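The structure under discussion appears below in the form of structure tokens.
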Amino acid sequence: MKTSQAGLIPYPIQQLPAATALVNSDFALVQASDDWYALFGIPQSKKSKVPIFDFYEGHERCSKEILQQYLVGNDVRTIRHGKNIGDKQVWLESIFAPWLDQKKNAQGTIIQVRDISEDVEKDAELERMNNLLNATSEVAKIGSWEYDLVTEKLSWCEMTKKIHQVPTDYKPSVAEAIEFYKQGYSRNKISMLFHNLMSEGGSFNERLQIITKKGEERWVAAGGKAITQAGKIIKIFGTFQDINEQMLAEKRTRESERLLTTLIDNLPINVFIKDKDSRKILVNKAECDYLEVDAKQLIGKTDFDLYDPNVAQKSRDEDLEVIRTLKPMLAQETINVRKDGSITHFLTSKIPLLDLDGNAYGLIGMSLDISNLKQKEEQLRNLINVTAIQNKKLINFAHIVSHNLRSHSANFSMLLDFLSKENDEKEKTRIMKMLLFASDNLMDTLENLNEVVDISTNVNLDKKSINLLSSIERVQQNLSAFLEKCGVTVIKSVDKKLNVLSVPAYLESIILNLMTNAVKYRALDRAPKIVISAQKQDGFIVFSISDNGLGIDLKRYGDKLFGMYKTFHDNKDARGLGLYIIKNQIEAMDGNITVTSEVGKGSTFKVNFNDQTQ
Amino acid sequence: MTKLNSIYIIDDDPITVFGIKKMLKTIVECPNVKTFENGKLALDQIMDELRKGIQPPEVIFLDINMPIMDGWEFLEELLKLDIKEKIIINVVTSSIDTSDYQRWNKFRINCLHYLNYKNKPIFSIEPTDLKRINLAS
């Protein structure tokens, strides 16, 4: 039986180009090809019938029990098993098939083995790649899709489905896929891009919005690329990425950027950012408006390009100090002079900009235009000055009043004291006369004071435009008798069209006083001459009256000339009031009066009438 | 009765002049009482008399507010003159301005003459207004 069996074996088994073995029903090797031995090695056992299990000794995933199962059966069975050759893992595939004789009786098993190491490795690599792809897809939320133009079949990957929020068994059609895009721009755009790709080829990548199955609106990046074969588009492969978070974050960034820009641009403060070399790297609208140029033209400029050199140097010094010390400069009053010379007052702050290491890489500056405030401050200061002067005048006036009234009352007291003690009738009459005289004096004084008070309290001055020459002529007419008696020559060089702004009564008082003074203090050794002139000058009408009289020692009396009750000549008519009164009148009309004089030669009084209506 | 050679009254107010003269009559015997309407006139007189070798007045009644040359200016000019004798100068004023008093005090400290400060109204003339005991002599 056994010989007959052996006789059945065709000789060429040994030469089969594959590792092949014949095993009898007792699981012993009957015969094997050379390749079998090359793969499994020649067994150590000297037995004629080597059990097949010996060959598989030490193979992975292949125990004796498993082999026994595989060796029996009428079908073809396959098993994969590993073997270590040296430090190399070799994967083998054994195929078991029944060994039948001519009468189809089972004789044993035919085993064919092939080395499948490469296939296994490839499979592992493929699985690794797939895993990697899935992981990448999962992490980056990038899905893919594929459209076959031949079968007209669209397929989505897991991620693409997940993004659409459809179940994994969902099978999309092109029409449905396009329906997912938000109606309007997104849907129109994808439809156009897809059809273009089919007809023209090429690729696209677009950010669009979809409405998911669950009705959520999401931003996606859809990409597509046409695959051509032999000049014909056969497939479209595409990516599909969920960029909703990214888009929302971008939107938020854009919104906060806009908020910041809107805020900075609309601040009524000049804002600028400078680098270490004091070059502007950011400016706001207020700064551009102030410098009257576009932001683009300001970037990269330094203060030396924009301002007066001195101002620029000062600003540069401030910048350097802030960058060096890292201490902010806060609310410093600064003056900017632009190239055209215009001056602006600012309240400036400079704050160092620090990088992550704490080093300054520039500074942020803020300047508030306080020119208006400065101007108001200046006005206020002027007002304080005016008030202080007026106050001083009032105190002075109060002293004059108290002095004058006191001296009269003192006289009364003294005279009454005399009178009460006097017995002599004749002396009594004399004292009575003195009392009457004192009483008259008091009345005069009170009248004078009244006149002064009138001017000082007359705050609602009604200034009118009055013809100067006719006013002079009217005064001259009134004084004609006096002027004639003294033989005065009056020379007038006044434009007959010239008008002055004045309170009518004041103008007359001023001309009358100055003309009278010019005659009163005439030099007796020469014929009196008065020269009157007037001209416009810097917003004033300068009215000038010169005489050839005694003159005044201005060194001695200059500061007292316009004082109350000051007389400087031995003249019985002098009351010491005229110049005091007209000075008050002129100043009440925002004008001023000056005098030049030389003893023995004459005097010139100049009245500046303010010609500006307020 | 005090006896004096020369008294000057420098005041532009005739009533004050009248009063001072009247009060002087009762306590002093003086043949030479001169009145001046302002400081300039008095100063001119003193300088004129100094040139002639006549002694300056022993007592002066001096008003402050006067035209042409007021009391202060008169004092300033007087101090420039070469006068050895001590003059009693009574500054008579109705001013209650403290700056006038301070100015008087400055003069009092800086000059060799005797200076009195008399506020109007004056009802009497004190002996010290006319005579001082010179402790040095």
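The values are calculated or read from the model by the stated rules, or taken from the named source; none is laboratory data. Remember, it's a predicted structure, so these values are computed and weren't measured experimentally. For neighbour counting, all protein chains shown are included, and Cβ atoms are generated from backbone atoms with ideal geometry for every residue, glycine included. Please note that ligands, DNA and RNA were not included when accessible areas were found on the heavy atoms of the full protein model with its side chains. Shrake-Rupley method; radii C 1.70, N 1.55, O 1.52, S 1.80 Å.
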### Summary
To the nearest 0.05, the calculated FRET efficiency linking A:V337 and A:D289 through their beta-carbon distance, R0 being 30 Å, is 0.95
### Query
Seen from all sides and averaged, what is the projected area of the convex hull of the Cα atoms in the stretch A:464-610, in nm²?
8.3
### Message
Counting only other chains, and only Cβ atoms inside 10 Å, what mean value do you get across the residues of A:295-302?
### Response
0
### Query
Which aspartates and glutamates, on any chain, are close to A:K492 with Cα under 14 Å apart, when same-chain ones fewer than 8 places away are left out?
A:E473, A:D547
### Virtual spin-label span in nm between A:T228 and A:L259, 7 Å along Cα→Cβ
5.0
#### Entry: Length gained when the stretch A:N592-A:T387 is fully extended (0.36 nm per residue, less Cα-Cα span)
72.1 nm
### Query
Which residues' amide hydrogens lie under 5 Å from the amide hydrogen of B:S6, considering only partners 5 or more residues apart or on another chain, with H built in the peptide plane?
B:E58, B:V59
#### Entry: Whole-number percent relative contact order across the stretch A:197-310, with pairs defined as alpha carbons under 8 Å at least 6 apart
14
### Query
So how much accessible surface do B and A hide from each other in total, probe 1.4 Å, in square angstrom to the nearest 100?
2400
### Task
Could you compute the FRET efficiency for A:N478 and A:L405, with r as their C-beta to C-beta distance and R0 at 41 Å, rounded to 0.05?
0.80
### Message
What's the magnitude of the charge dipole for the stretch A:124-248 around its Cα centre, counting Lys and Arg as +1 and Asp and Glu as -1 at the beta-carbon? Answer in Debye, nearest 20.
### Response
220
### Share of pairwise Cα separations in the protein assembly as shown, more than 41 Å, in percent
70
### Message
As a quick test, which of the pairs A:K529/A:K606; A:K122/A:K225; A:K301/A:K350; A:K555/B:K34 have an alpha carbon distance above 19 angstrom in this structure?
### Response
A:K122/A:K225; A:K555/B:K34
### Task
Please give the peptides B:115-128, A:378-391 ranked by average Cβ packing (other Cβ atoms within 10 Å per residue), highest first, as a rough proxy for protection.
B:115-128, A:378-391
#### Entry: Fully extended contour minus Cα-Cα distance, from A:D277 to A:Q68, at 0.36 nm per residue
66.4 nm
### Summary
A 1.4 Å probe over the protein heavy atoms gives the protein assembly as shown a carbon and sulfur accessible-area percentage of 53
### Message
Apply the Karplus curve 6.51 cos²θ - 1.76 cosθ + 1.60, θ = phi - 60°, to the phi angles in the stretch B:25-39 and return the couplings in whole Hz, x for Gly and Pro.
### Response
3, 7, 10, 9, 10, 9, x, 10, 9, 10, 10, 9, 7, 7, x
### Query
What residues does the stretch A:395-421 have that are buried by at least 10 Å² of accessible area in the full protein assembly compared to the chain on its own, 1.4 angstrom probe?
A:H399, A:S402, A:H403, A:R406, A:S407, A:A410, A:N411, A:S413, A:M414, A:L415, A:D417, A:F418
### Task
Determine ³J(HN,Hα), in whole Hz, for all residues of the stretch A:490-505 in sequence, where each value follows from phi through the Karplus function 6.51 cos²θ - 1.76 cosθ + 1.60 and θ = phi - 60°; x replaces Gly and Pro.
10, 10, 10, 10, 10, 4, 5, 8, 6, 10, 10, 8, 7, 6, x, 5
### Of A:K520/B:K118; B:K22/B:K84; A:K296/A:K339; A:K520/B:K22, pairs whose Cα-Cα distance is over 25 Å
A:K520/B:K118; B:K22/B:K84; A:K520/B:K22
### Query
Under a point spin-label approximation (7 Å from Cα along Cα-to-Cβ), what is the A:D357-A:T168 distance to one decimal in nm?
5.2
### Query
Between A:R526 and A:E447, what is the FRET efficiency for a Förster distance of 41 Å, r being their Cβ-Cβ separation, to the nearest 0.05?
0.70
### Partner aspartates and glutamates for B:K21 [C-alpha distance under 16 Å; skip if fewer than 8 residues away on the same chain]
A:D417, A:E422, A:E427, B:D11, B:D12, B:D13, B:E29, B:E37, B:E58, B:D63, B:E126, B:D129
### 28 Å Cα-Cα reach of A:K49 towards lysines, excluding residues that sit fewer than 8 places from it in its own chain
A:K2, A:K64, A:K83, A:K103, A:K104
#### Entry: Label-point gap, in nm, between B:I54 and A:I178 - each point 7 angstrom along Cα→Cβ
13.8
### Task
With a 1.4 Å probe and every protein chain left in place, work out the accessible area per residue of the stretch A:469-568 in Å², rounded to a whole number.
50
### Query
What list of ³J(HN,Hα) values in whole Hz, one per residue of the stretch A:73-85 in order, does the Karplus curve 6.51 cos²θ - 1.76 cosθ + 1.60 (θ = phi - 60°) give from phi, with Gly and Pro shown as x?
x, 9, 10, 8, 10, 10, 9, 9, 8, x, 9, 8, 10
### Query
Looking at the stretch B:53-67, which residues lose a minimum of 20 Å² of accessible area between their chain alone and all protein chains in place, measuring with a 1.4 Å probe and not counting ligands or nucleic acids?
B:N65, B:P67
### Task
For A:L126 and A:A18, compute 0.36 nm times the residue count separating them, minus their Cα-Cα distance, and round to one decimal in nm.
36.1 nm
### Message
Going through the cross-link list A:K189/A:K232; A:K374/A:K464; A:K560/A:K601, which pairs have a Cα-Cα distance over 22 Å in this structure?
### Response
A:K189/A:K232; A:K374/A:K464
### Message
Using amide H atoms built in the peptide plane, which far-off residues or other-chain residues are under 5 Å from A:G108 H to H?
### Response
A:W99
### Query
What residues of the stretch B:7-42 lose no less than 50 Å² of accessible area with every protein chain in place versus their chain by itself (probe 1.4 Å, heavy atoms only)?
B:I15, B:F18, B:K22
### Message
Within 10 Å, Cβ to Cβ, of A:W156, how many net charges do the neighbouring residues add up to if Lys/Arg are +1 and Asp/Glu are -1?
### Response
+1
